[in-house]
Amino acid sequence: MRLHEKVNLLSRGLFSLFLIIFLLIPFLAPAADLVVVNNIRFWSYDDYTRIVIHISEEAEYIERRLKDPDRLYLDILFSRIDEEINKDITVENRMLQGVRAGQFDENTVRVVLDLNTIKYYKIFMLDEPSRIVVDVFGPTVFSSKKRIVIDAGHGGKDPGAIGPKRLLEKDVVLDIAIKLKKELARHKNYEVFLTRDRDIFIPLEQRTAIANSKNADLFVSIHANASPRRSLRGIETYFLNWTDEEEALKVAARENAISMKQMRKIGKKMNVLDIMLNDLSRAYKRDESNKLAHFVQDAMVIKLNQQYRHSIVDLGVKRGYFFVLVGADMPSVLVEVSFITNLLEAKLLRKDSYRERLAYSIASGINQYMSVIPQRQTVAEAGKSLAP
């Protein structure tokens, strides 16, 4: 064979090889571009289960419910499953038998919920870190009493904000929450629950899950505010909705344990309508949360001013995107009781009498709100009855 023929043959061979490699690239190394499903957690209660699917970044998914047998599946598109995660989770309650996950095809992870008896379910996304949340609700017999869940923010390995002389937010708000429960328990038609009654860490998703599991009428999360501006002080109450207001974003970022950069990233893709429809289960709960926030805020300002005149600054009711409120199936608010980083308010927060007054004031606002709820219908029932 002549030299030029050998060169041509070699050239054609190399071209064919490069062509094959080029065509195989999407199949040889797709993993680097795929979303990774890296963990699945769940919290299970008598009438409610929350499943949280952790993913490496935001992903699209398709949901579908099938019968015979009854099951719900999510296909997470352009994704791969981490081989280290538990792919077969046993739940075995009234609602769920278990959760299965696997690589359905080369670009799709399928998560299957094997169902028993459920009333309804909802699915939504959370960001920073990215995760898909599936809430499954079982058949529920509503209590004749009104149920209130009080959440003491932070706890355990998460101290929250730190004030002068190592005053820890987690300790202050736990004491206020316990006092608030005691105050509310005076009413015979209330059932009151705490998300934590001691110094333990509870993930933000689980706190909302506890409220949903109790089929609560109200969810109130207690926090102490903080700022690098030591002069800043006051009390404020938030309900779930998006806002571009800078100070509200800072508060939400701190309570969500994320950076302002991450908070703004969420804001770029935030759709307020989605929050109302998916996370607060319709505009009804947004409006009721707003109403509850005003009752609580007004009561705190009035009651505290009676005892601590000229010391209370009313920062008002604000909107905020707090992870602990996302997915709550009832009207819910987050209360920032005072600035733990302000010398005057930190001094007040150290006093048992001030914490007692805070608890009494918040309880007063809750009582006023409860008095306007129809007696024969719980808040949760009223919200669900508005479903299209």
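Any read-out appearing in this document is the output of simple, stated calculations on the displayed coordinates, not a laboratory observation. Please read these numbers as outputs of a predicted model, since none were measured by experiment. Glycine also receives a Cβ, built like all others from the backbone with ideal geometry; neighbour counts cover every protein chain displayed.
List the aspartates and glutamates whose Cα sits under 19 Å from the Cα of LYS265, skipping any in the same chain fewer than 8 residues away.
Here the aspartates and glutamates satisfying the reach criterion relative to LYS265 are GLU57, GLU58, GLU60, ASP127, GLU128, ASP244, GLU245, GLU246, GLU247, GLU255, ASP274, ASP279.
Work out, in µm²/s and without decimals, the Stokes-Einstein translational diffusion coefficient of segment 293-379 at 20 °C, 1.002 mPa s, Rh from Kirkwood over C-alpha pairs. Present the calculation step by step, with values, prior to reporting the outcome.
Working: Rh = 14.4 Å.
Approximately 149 µm²/s, per Stokes-Einstein.
Kirkwood hydrodynamic radius for segment 32-137: how many Å is it when counted over pairs of different Cα atoms?
Kirkwood hydrodynamic radius for segment 32-137: 13.7 Å.
By a straight-distance test (C-alpha under 16 Å), which aspartates and glutamates pair with LYS67 as possible cross-link partners, with residues fewer than eight away in the same chain excluded?
ASP114
Using 0.36 nm per residue, how much length does the chain from ASN38 to THR140 gain when fully extended, once their Cα-Cα distance is taken away? Intermediate values should be presented prior to the final figure.
Numbers: separation 102, 0.36 × 102 = 36.72 nm, distance 3.27 nm.
Result: 33.5 nm gained on full extension.
Any idea what the alpha-carbon Rg over 2.2 N^0.38 Å comes to for segment 146-385?
Numbers: Rg = 16.5 Å, N = 240, 2.2 N^0.38 = 17.7 Å.
So segment 146-385 has a normalised radius of gyration of 0.93.
Report the one residue of TYR238, ILE150, LEU174 whose Cα lies farthest in the direction of the positive end of the charge dipole of segment 146-385 (charges on C-beta: Lys and Arg +1, Asp and Glu -1; origin at the Cα centre).
LEU174
Which percent of the Cα-Cα distances in segment 122-166 go past 16 Å?
Details: 715 of 990 pairs.
Of the Cα pairs, 72 percent sit more than 16 Å apart.
Can you give the FRET efficiency for LYS188 and ASP46, using 1/(1 + (r/R0)^6), R0 = 30 Å, r = Cβ-Cβ distance, to the nearest 0.05?
That pair, LYS188 with ASP46, gives E of 0.80.
So if I take the centroid of the Cα atoms in segment 310-352 and the same for segment 121-142, what is the distance between those two points in Å?
So the two Cα centres are separated by 26 Å.
Between rounded, prolate and oblate, where does segment 140-289 land on the alpha carbon gyration tensor, with a ≥ b ≥ c its root eigenvalues, rounded for a/c under 1.5, else prolate if a/b exceeds b/c?
The shape class here is oblate.
Of LYS146/LYS170; LYS122/LYS214; LYS261/LYS347, which sit over 22 Å apart, Cα to Cα?
Result: LYS146/LYS170; LYS261/LYS347 exceed 22 Å.
Work through the residues other than ARG41 whose Cβ is under 12 Å from its Cβ and net out their charges, Lys, Arg +1 and Asp, Glu -1. Spell out each step's value before the answer.
Working: positive: ARG50, ARG131; negative: GLU205.
Around ARG41, the surrounding residues sum to +1.
Work out Dmax and Rg for segment 56-117 from the C-alpha atoms and quote the Rg first, both in angstrom.
12.1, 34
Sorted by mean Cβ packing within 10 Å, highest first, what order do the peptides 78-88, 285-295, 244-254 take?
The densest-packed peptide leads the list: 285-295, 244-254, 78-88.
So if each residue of separation counts as 0.36 nm, and I subtract the Cα-Cα distance between ASP197 and LYS122, what length gain in nm does that give? Walk me through the numbers on the way to the answer.
On the way: separation 75, 0.36 × 75 = 27.00 nm, distance 2.88 nm.
Contour length minus Cα-Cα distance gives 24.1 nm.
Only four residue types carry charge here, +1 at the Cβ of Lys and Arg and -1 at the Cβ of Asp and Glu. Report the dipole size of segment 32-137 about the Cα centre in Debye, rounded to the nearest 20.
The dipole magnitude comes to about 500 debye.
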